[in-house]
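The values are calculated or read from the model by the stated rules, or taken from the named source; none is laboratory data. Please read these numbers as outputs of a predicted model, since none were measured by experiment. Using ideal geometry, Cβ is built from the backbone for each residue, glycine included, and neighbour counts are taken over all protein chains shown.
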Amino acid sequence: MTIRTLPAKHFNTTGPCDPRRHYLLPPTPQLPQVRKLIERDRYFVLHAPRQTGKTTILDALASELIAEGDTAALSFSCERAKIFSDDIAATEAILLDSLREAADLSGWLDELLPPDSGPEGQAGTRFGKALSEWCRRCPRRVVLFLDDFDALQGTSLISILSQLRHGYNARHKGFPFPASVVLCGLRDLRDYKVASGGDPARLSPASSFNILADSLRLGDFTTDQIAELYDQHTQETGQEFTKDAVHRAFELTKGQPWLVNALAHEITSEMGVSGAITTAQVDEAKERLIRKRPIHLDALMTRLYEPRVERVIRAVMEGILPGTDAYLHDEVSYVRNLDLIRGSGAPEIANPIYREFLLHHSPLCADLLRREQQGPFTDEALTEARMRIFGSPAQNGGRM
């Protein structure tokens, strides 16, 4: 039988990274706090925008914990339960099926696997009972990463959180239950409260949320991390990214992981560049991405159809500072968690690539520019309006 060899490594822009196929950074240096909270048996939220490497990091972190020999760490997705917002029994069934499927694919020994069949009992208790039975049988401490947890809504979200709270609070009495649970998705803790119908400004002692020790955000890449990622390509192929090219990539992306990979992919796989990679080629890759309108960038346009996102982006573009109203503050926080804006005092569009994409393609931007100009659209008036909305060339690395 012929054994198929793996293709050369490349920069990934679709789905989770595979360390055998893709360049990627190790997980622990990116999130040192996560290991500390897991070692302290905490339950907490890890949130980040889409296509920032959450799933890749969770899978890698679970593999690290398993390799250490005393932990059964499993990451599984809640995505398939999205359509069952108020059907608790269906949500539990889907989550348990996803958990067992992820465990079966892990290659674990039978003694580490969760039970094959779900427990009997009333809807609203089965998920917690299944986790307890697994922990009772498993010879290792169990750590769970619930990826895409923000897919859960309404009463199903409340039910799953309540079952986690019940098991968490009973652990000190010897009740078998996961040592640590990490809820991963786009939302911060306050956003989960809103999604479950609660007031984000209040947290009662009986709340399902009061077991969550912390809420961590997966950050963007630093310049050094971009250099480390790009250097993997150099080690693999001998093709170097110049120091200026790395800095330019950071200027354009502000470290947004998908954009960092997309620029490199465009240069190394699509543009046919030979020799050292320069700032000019990074700029060309940026222009090509904006013209192509990949799904990641087109998703920006989709987000603008959400009223709260449109309100915040419009305010940012018009230079209106957020007020003190708690709900407006929550809207700004939500849009920041989507990675569409950055900064706390005076928020701005998250990075120059997003800014330029919105400049070229956003109906909202066109509307603002039309309102700015009372008379005919002269080049000078259009340029002035764009500068006010999107910043000066100096602020944008010298280029629009």
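With respect to the conditions (1) free of Cβ contacts under 8 Å to residues at least 24 places away in the same chain; (2) in contact with an Asp or Glu (Cβ under 7 Å, 6 or more places away or on another chain); (3) of a type outside the set (Gly, Ala, Ser), residue 127 lacks only one, and its number is (1).
Determine whether residue 9 is charged (D, E, K, R), more than 17 Å from residue 151 (Cα to Cα), surrounded by fewer than 20 Cβ atoms within 10 Å (Cβ to Cβ) and free of Cβ contacts under 8 Å to residues at least 12 places away in the same chain. In short, no. For region 104-121, the criterion of being within 26 Å of residue 19 (Cα to Cα), of a type outside the set (Asp, Glu), modelled with pLDDT under 95 and touching a Pro at 6+ places or on another chain (Cβ under 8 Å) is met by at least one residue. Each residue in region 45-80 was checked for being in contact with a Phe, Trp or Tyr (Cβ under 7 Å, 6 or more places away or on another chain) and among the basic types (Lys, Arg), and 0 pass. Looking at region 36-47, I want the residues that are assigned by TED's automatic domain parsing to the domain that holds residue 140 and have a partner that is part of a strand (DSSP E or B) and among the aromatic types (Phe, Trp, Tyr) with Cβ atoms under 6 Å, at least 6 apart or on another chain. Which pairs are those? Matching pairs, first to second residue: 37/44.
Could you run through region 297-313 and say how many residues are touching a residue at least 40 places away in the same chain (Cβ under 8 Å) and not in a loop (DSSP other than H, G, I, E, B)? So the answer is 6. When region 92-112 is limited to residues that are more than 20 Å from residue 156 (Cβ to Cβ) and touching a residue at least 24 places away in the same chain (Cβ under 8 Å), the one that is surrounded by the fewest Cβ atoms within 10 Å (Cβ to Cβ) turns out to be 111.
Scan region 277-296 and tell me whether some residue there is aliphatic (A, V, I, L, M), modelled with pLDDT under 90 and either surrounded by fewer than 19 Cβ atoms within 10 Å (Cβ to Cβ) or part of a loop (DSSP other than H, G, I, E, B) (or both). Within region 277-296 (the criterion being aliphatic (A, V, I, L, M), modelled with pLDDT under 90 and either surrounded by fewer than 19 Cβ atoms within 10 Å (Cβ to Cβ) or part of a loop (DSSP other than H, G, I, E, B) (or both)), the answer is yes, since at least one residue qualifies.
Quick one: would you say residue 32 is over 27 Å from residue 127 (Cβ atoms) and not β-branched (Val, Ile, Thr)? Yes; evaluated as a whole, the condition is true for this residue. Taken over region 113-144, the criterion of being buried (at least 19 other Cβ atoms within 10 Å of the Cβ), within 26 Å of residue 67 (Cβ to Cβ) and of a type in the set (A, V, I, L, M, F, W, C) is satisfied by 130, 131, 134, 135, 142, 143, 144.
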